[in-house]
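As structure tokens, the structure follows; a few thoughts come after it.
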Amino acid sequence: MTQSLDPVPNTQALTKIPEIEELTLSISAKNLSPSMLNLDFLKMTGIIPGDWELMAQPILSDRISQLSFKNGISILAQPGSVSFRDIVDVKGKKQSVAPEVASKYVEKLPHAEYQALNISPRIVLPVLKPKDGARKYITETLLAPGPWLNFGKTPVQAGINLFYELDGCQLSMTINEANLQQRDQNKGAISAVMFSGSFSYNVANENEQTRLNQLAQKLQNWKKDVDTFREIVHEKFATQLPGQEESLFPIS
């Protein structure tokens, strides 16, 4: 299924459109409530700096609370979970601040019965040529051609789910076609392939301090997981993607 993403800045040449990278850290606990997430609480406890400005009116309710900031960070709370999302500055190599915010949140709420942590990076790679290059990449490169490909009134759309067993966790990955909307509507959407990953860690333990230590350790090691995901995407998949023979931003 094709997903449409937020507009990308206008560019003078399609070849200058960079990849897009996001990072989300999701923490689950038995007794986390959306009502606990509010701007005053986050600033008074030092979870976020006092000068952070909201990008939009916050959403606050018993079922869901969301705060989105001008620096690209958004925090979403639902019954039993809280997530921290950040848009990564790939070109500038600016480090994500989402893990730091997540770590401070856990530090200030040590008595929550934490159960799991998911570190979820996402990489979106534009396919500059051909126009439907993302669809062709998934259906003709990643999947074996066959009669299933030519059925129905429109070209088939496909997504792929992959699962990798790694040391200490499981990595799940989905690969989907996406459309990058340009701010200039006359230029139309740009075809792209979206790689979404999730490193899943179980931190449930009867001992509270053990839970906190495990969670803190996994949060501190977030960059290792992100680097692993980047390596898989760029070295195992992107080399076969049209226009991506050389990564726009090689792994450091």
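The values are calculated or read from the model by the stated rules, or taken from the named source; none is laboratory data. Computed from a predicted model, the values in this text were never measured in an experiment. Every residue, glycine as well, gets a Cβ built from its backbone with ideal geometry; the counts of neighbours run over all protein chains shown.
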Subset of region 106-164 (residues that are in contact with a Pro (Cβ under 9 Å, 6 or more places away or on another chain), of a type in the set (A, V, I, L, M, F, W, C) and surrounded by 20 or more Cβ atoms within 10 Å (Cβ to Cβ)): 119, 127, 134
All strands (runs of 3 or more DSSP E) inside region 93-207 with 3 or more residues being touching a residue at least 12 places away in the same chain (Cβ under 8 Å), closer than 26 Å to residue 37 by Cα and of a type in the set (Ser, Thr, Tyr): 189-202
Residue match in region 225-233 (condition: in contact with a helix residue (DSSP H, G or I) (Cβ under 8 Å, 6 or more places away or on another chain) and assigned to a helix (DSSP H, G or I)): no
Of residues in region 46-71 being surrounded by 14 or more Cβ atoms within 10 Å (Cβ to Cβ) and part of a strand (DSSP E or B), the one modelled with the lowest pLDDT: 60
Selected residue (only one of 75, 87 is of a type in the set (A, V, I, L, M), at pLDDT below 90 and part of a strand (DSSP E or B)): 87
